[in-house]
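Worksheet: one structure, shown below.
The values are calculated or read from the model by the stated rules, or taken from the named source; none is laboratory data. Just so you know, these numbers come straight off a predicted model, no measurement behind them. Side chains included, ligands, DNA and RNA excluded: accessible areas come from the protein's heavy atoms. Shrake-Rupley method; radii C 1.70, N 1.55, O 1.52, S 1.80 Å.
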Amino acid sequence: MKIRKIHTVVLGSGAAGLCAAVRLDAEGVDDVAIVTEGLDKGASINTGSDKQTYYKLGLCGATPDSPRALAETYLSAGGADGDIALVEASTSARAFFHLVNLGVPFPSDAFGQYAGYKTDHDPAKRATSCGPYTSREMCQALIREVKRRNIQVYEGETAVKLLALDLETKDGVPRRKITGFISIAQDGEPIVYHVENLVFAVGGPGGLYKRSVYPEVHTGAIGLALEIGAATKGLPESQFGLASFTDITSRTIREETTSRPKEFRWNVSGTFMQVVPKFISTDPDGSNEREFLCEYFDAPSDLFNRVFLKGYQWPFDARKALDGSSFIDLCVFYETEICGRRVFLDFRENPSQFAFEELSDEAREYLTKSGALLNTPFERLHKMNPGAVELYRDWGVDLATEPLEIGVCAQHNNGGLDVDIWWRSTNIEGLYPIGEVAGTHGVARPGGSALNAGQVGAFRAAQKIAQDYKGGFNAREHTLQEAIKLRALAYEELLELIAPVGKLLVLTEYLKSCEIDWRVERDELRTRMSECAGVFRSSSKLSRAVREAREQYRRATQSEFRPDASFDDNSRFPPESVELLRNIQLCVSQIAYLDAVFTAVLSKVGSRGSSLATSPDGRIISSRFPDDWRVQDENESFRDKTLCSYVSNLEDDLTTESFWRPVRSIPEPDDWFENVWRDYREGKIYE
C-alpha cells in the first residue's frame, strides 16, 4: 500500500487552498503538498457572476474606512463572531495586495487607487472585481505561483476518509487529533497520507441541493470532517438567489474545459437585473408562454424598480421578501416549484408597459450614467456589460436570440466548521478548515466577502503552522514495508492508518453487490434538501426529512467489516467507489445540516438571512400566494447568538448535538505600538 508522510497537506485546490500552499512555502514550511481531484476542478475556478465581487477594505477616495468599521459591517446581520470579523477586516488589504502582486488584474486608476462599488449588504463602496471570472483569475495566478515555487501537487485523487485519534473531551465537546486521510486515485489505488497538519480547503456543500448554482464538478466534502466529530457553527445560514442553468450537452461551446458539464450555471446578478429584462414562464415542454411577473404587481413601476434592485440585492433576503426586491425570488419560486412551470429571462423585449419614466430616480440615474437608455434589455446589457454577453456565447447561449432559464438556487453556506482566529478547528487538533468550509460568516454577509475570507484564512493558517513548524519527513512515497524498515511510523500507528482502508474496500464491494445506484441515491438526497432546507422551512417537513436522511445513511453503510477479509497485493477500489463513498459523506453532511436547520426552526428563530420559517399562525406574504405561505418574523434576540453543533455518535444514526452560544464581540486590543511590537517579537500573538 502506498503511504505518503508529509508534514502539512492542503486538501483542495480552490482559491483558498492554493493560497495556503503558497503562503506555507513562503513562511518556510518546506514539507507541504496539495492533494486535489484536479487543479481545474472545484468552485473557485469554475464559477462567477455578472462581475464577480471581491470585498475588501476601502482603498480609494476620501471616504474613511478602518478594520473596525469593516468588522462591524460583517457583524451587522448577526450570528458572526467579532474576533474573526476583525481578523478578516485587518488582513483584508494584505491578502488583496498579495493577489495584485501575483498578477490578478484588479482595476486601479492613474493614481494607484483601487476604486470600489456597492454590493449586497454593503454600506460603503468596498467591492471590486476584475470581471465575471474573478475567482478563476485568482486561481490561475496562484497556480502559476505554486508551479514557480515547485510545490508538490498530487492530482486525480479524491479524499474519502479522514483519520484521527481520540483526545480528552473538553467543555462537553469531543476532541481529536488529525493523523491523516485516505484518498483514492483515478485507477482505484488507495493512498494513505500521514500528516501533522491538514489544511481542509474542500469548499462548500455544493452536492447537497438539487437546484444549485455550484458548478457540477464541485460537491464539497465537509462530511469527511463531520464524520470525525468536527464542531460546526451556523449551518442553517445558507444563501439562495436567482441563477441560470442551461443544458449545453448539444451546444457548440467555445469555453476551454477538460470536463464538459451538462449544464452551464451562473448567478444572474448585477447588470442582468439592472437592465430590467422581461420574465416569462412556460409549461415544462416550453409551450403556453406568458409574461407572469406582472400578475404579482399592481403597478408596473413597482415591478421594474424591484427587478432593478435585484442587481445589487441579489441574494434572497427575508427582510426584503414582502415589500422589497426579494419578492421577485418568491414569484419565481412559486412559478417553478409550486406551479411546475419553467421561468426564463428574456432580454429580447422590454416588460409590458416598460418606460424609463416609470423607473426610480436611482435606477434612471444609473442607466443614464452608464449610457444605457437604450431600446431593449439586450442592448442595455451589451452596452453596460458586453463581457456578460460574450460569456454566455462562450457556452453556446446567445442572449440576443433566446431566453435564459433561471430558478432560485443554492449558492453559498455562511456556516461551516467552527474555527478560531488562526482558522484552527476548535476541537480537532491539526485541522485547519479554510474557504467556504469554514463557518466564519453570520446570518448574511456583503457580496464578495467569501473570497476575502478564503484568502485571509489561508494567510492565518499558514502563519500559525509555520510558527509551530519543526521540520518534516522528506520521503514522499514509500511502501508499507519500507515505512516499517525506515521506522518512519510505528507499527501500531501504521495499523491504525491502514485498517480503515480495508473497511472501505468491503463497504464499496458490498454496495456494488447490492446494485445500489449512486445516481438515484444522490438525486433522492438532493431533492430532500431542496424541498426542506431551502428558502422555505417548516418543522413538519424537517421532522420527516431528518428521519428519511438517517434511513438513507443506514442503507448506505449497513455492511459489516470482516477482519479476516483478504485482498491481494494489488487491491484496487472497484469502479464508482468514489461516488458511492461520496454519497456517504453527503449523507453525513445532510444529517448535520438538517438537524441544525430543524433546531433553528424549533428554537423559533424565525425568518432571517436567506430563508423563511413558516408557521400556521404566521403572516401572509401576499394574497397571490398559497395560504400556507405564512411566515414567522425574525426573533432578533438570536442575532447575538450562533448555533454550534457536532456529530457526537460516530456510529449508527450519527447523533448530533446542538447548542446556542453567544457570539464573541469585536475585541478591543491594546494598540500601543511598543506593546504590540513586544508581543510580536516574543510570539505572544500566537498564544
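Amide H to amide H under 5 Å from residue 2: which residues, 5+ apart in sequence or cross-chain, H placed 1.01 Å off N in plane?
192
Let me have the 222 nm mean residue ellipticity of the chain computed from DSSP H runs of 4+ only, each contributing -39500 (n - 2.57), with the sum over all residues rounded to the nearest 500.
Working: 19 runs with 227 residues, N = 687.
For the chain, the value works out to -10000 deg cm²/dmol.
Express the accessible area of the chain per residue in Å², computed with a 1.4 Å probe while the remaining protein chains stay in the model. Don't skip to the end; give the middle numbers.
Details: 27890 Å² over 687 residues.
Value for the chain: 41 Å² per residue.
What is the distance in Å between the Cα centres of segment 351-394 and segment 91-115?
29
Of the beta bridges DSSP finds with both residues in the chain, what % are antiparallel, to the nearest 5?
Numbers: 59 of 84 bridges.
The antiparallel proportion sits near 70 percent.
Sort out for me the Cα centre separation of segment 16-72 from segment 402-462, rounded to whole Å.
11
Among the aspartates and glutamates, which fall within straight-line cross-link reach of residue 641, defined as a Cα-Cα distance under 15 Å, with same-chain neighbours fewer than 8 residues apart omitted?
Candidates past the 8-residue exclusion: 81, 83, 237, 418.
Over 26 Å between Cα atoms, which of 5/464; 177/464; 233/512; 278/320; 51/369 qualify?
233/512
From the phi of every residue in segment 197-211, what ³J(HN,Hα) in whole Hz does the Karplus formula 6.51 cos²θ - 1.76 cosθ + 1.60 yield, where θ is phi - 60° and glycine or proline is x?
9, 10, 7, 9, 10, 9, x, x, x, x, x, 7, 10, 6, 9
Once amide H atoms are placed 1.01 Å from N in the peptide plane, what residues at a sequence separation of 5 or more from residue 612, or on another chain, have their amide H within under 5 Å of its amide H?
536, 537
Please list 237, 524, 492 in order of solvent-accessible area, largest first, computed with a 1.4 Å probe with all protein chains present.
Values: 237 20, 524 70, 492 120 Å².
The residues order as 492, 524, 237, largest area first.
Ranked by accessible surface with a 1.4 Å probe, highest first, in what order do 595, 283, 671 come?
On the way: 595 20, 283 45, 671 130 Å².
The ranking, largest first, comes out as 671, 283, 595.
Structure shown: which of 147/210; 118/161; 118/684; 210/604 lie over 30 Å apart, alpha-carbon to alpha-carbon? Kindly include the intermediate steps, with their values, before the conclusion.
Numbers: 147/210 36 Å; 118/161 42 Å; 118/684 38 Å; 210/604 26 Å.
Table pairs above 30 Å Cα-Cα are 147/210; 118/161; 118/684.
Keeping the other protein chains in place, figure out the carbon and sulfur percent of the accessible area of the chain, with a 1.4 Å probe. Let's see the in-between values first.
Values: 13190 of 27890 Å².
Of all accessible area on the chain, carbon and sulfur atoms account for 47 percent.
Apply the Karplus parameterisation 6.51 cos²θ - 1.76 cosθ + 1.60, with θ equal to phi minus 60°, to every residue of segment 272-289 and state each ³J(HN,Hα) to the nearest whole Hz, in sequence, with x for glycine and proline.
4, 9, 5, 7, 6, x, 8, 9, 10, 9, 9, 5, x, 8, x, 8, 6, 6
Classify segment 291-364 as rounded, prolate or oblate from the Cα gyration tensor: take a ≥ b ≥ c as the square roots of its eigenvalues, call it rounded if a/c is under 1.5, otherwise prolate when a/b beats b/c and oblate if not.
Numbers: a/c = 1.81, a/b = 1.23, b/c = 1.47.
It comes out oblate by the Cα gyration axes.
Hydropathy at least -1.0 by Kyte-Doolittle, axial extent at least 15 angstrom from the Cα trace: which helices of the chain, defined as entire DSSP H runs, fit? All intermediate terms of the calculation are to be shown ahead of the outcome.
Numbers: long enough: 15-26 (16 Å, 1.24); 134-148 (21 Å, -0.71); 449-468 (28 Å, -0.07); 491-513 (33 Å, 0.58); 518-532 (21 Å, -1.47); 539-557 (27 Å, -1.47); 577-602 (37 Å, 1.15).
What comes out of the filter, once short or polar helices are dropped, is 15-26, 134-148, 449-468, 491-513, 577-602.
Starting from the Cα gyration tensor of segment 195-323, take the square roots of the eigenvalues, sort them a ≥ b ≥ c, and report rounded, prolate or oblate (rounded when a/c is under 1.5, otherwise prolate if a/b is larger than b/c, else oblate). Don't jump to the answer; show the numbers that get you there.
Values: a/c = 2.55, a/b = 1.54, b/c = 1.66.
The shape class here is oblate.
What are the residues whose amide H is under 5 Å from the amide H of residue 49, where those residues sit 5 or more places off or on another chain and H is modelled from the backbone?
Under 5 Å from the amide H of residue 49: 134.
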